[in-house]
1. So which chymotrypsin sites (Phe, Trp or Tyr not before Pro) in the stretch 32-104 pass both tests, a DSSP loop state and at most 15 other Cβ atoms within 10 Å of the Cβ?
2. When the chain is modelled as a GNM with alpha-carbon springs shorter than 10 Å, which of Gly60, Gly76, Gly166 fluctuates the most?
3. Could you work out the relative contact order of the stretch 111-179? I mean the mean sequence separation of Cα pairs under 8 Å and 6+ apart, divided by the number of residues, in percent.
4. Would you mind classifying the stretch 91-185 by shape? Square roots of the alpha carbon gyration tensor eigenvalues, ordered a ≥ b ≥ c; an a/c under 1.5 is rounded, otherwise it is prolate if a/b is larger than b/c and oblate if not.
5. Work out the length of the dipole vector of the chain about its Cα centre, built from +1 on the beta-carbon of each Lys and Arg and -1 on the beta-carbon of each Asp and Glu, and round it to the nearest 20 debye.
6. If the chain between Lys162 and Thr182 were fully stretched, how many nm would it gain, using 0.36 nm times the residue separation less the Cα-Cα distance?
7. When only Cα pairs under 8 Å and 6 or more residues apart are kept, what is the percent relative contact order across the stretch 77-153?
8. Leaving out ligands and nucleic acids, note down the accessible area per residue over the chain with a 1.4 angstrom probe, in whole Å².
Amino acid sequence: MKIKITLAVTLLWVATGAFAQSDQAFIDKATLAAPNAQLKAAAMVIKWKADYTYEVVRPGANPNALVCYDKSGTPGQQALSVECTNQGNLKRAAQNMKAEALGDKAKSEAALDVMEKDGTREKPTFGSVWYHFRGADREHGSTHMTIAVPGATAASLGLPDKGGSGGVWIMNAGTSTAHLMTPGE
């Protein structure tokens, strides 16, 4: 009897350790896009489900702060594709992933355009940052960062709405997708 209990406890301990390790590996991968150790440590980490809801793998240190997730290998994404943004942007991120699941960039953009026109497109939190890390793998990935400014125009922000000037500019000005682009990204 003592052997059975010891074996059961050992198996439970091993299984728990394996889950913790896999959770930690997932957290480490999902937070690759976070720009520094402090934000990585404080970020909420989620795992997307097939129905575009999510489970929380690790709660964040601050409500409505950074949330990170893995989109690797999903339609429209590179082999390694992770993203971090404000928790207030999760409904929009789900819409993005649902549209990307159509598997064709033109179809995805058309679906998002319909939502934009009929007013069902979720707006991102104004001023929130979207951090991305994408590539074939960790060694061949690159970062990209944008700042959401839904509805912003060249007139409202005093920034150009076309790139090429060497400075920050507004992409998709006047839409819920408007965001600031930085040179070199």
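The values are calculated or read from the model by the stated rules, or taken from the named source; none is laboratory data. In this text, all values refer to a predicted model and were calculated from it rather than measured experimentally. When we count neighbours, we look across all protein chains shown, and the Cβ atoms used for this are built from the backbone with ideal geometry, even at glycine. These accessible areas exclude ligands, DNA and RNA; they are computed on the full protein's heavy atoms, side chains included. Shrake-Rupley method; radii C 1.70, N 1.55, O 1.52, S 1.80 Å.
1. Tyr52
2. Gly166
3. 28
4. Numbers: a/c = 1.86, a/b = 1.04, b/c = 1.79.
Oblate, since a/c reaches 1.5 and b/c is not below a/b.
5. Working: 19 positive and 17 negative charges, 107 e Å.
Approximately 520 debye in magnitude.
6. Result for the pair: 6.1 nm of gain on full extension.
7. Here the relative contact order equals 39 percent.
8. Working: 10750 Å² over 185 residues.
Here the residues of the chain average 58 Å² of exposed surface.
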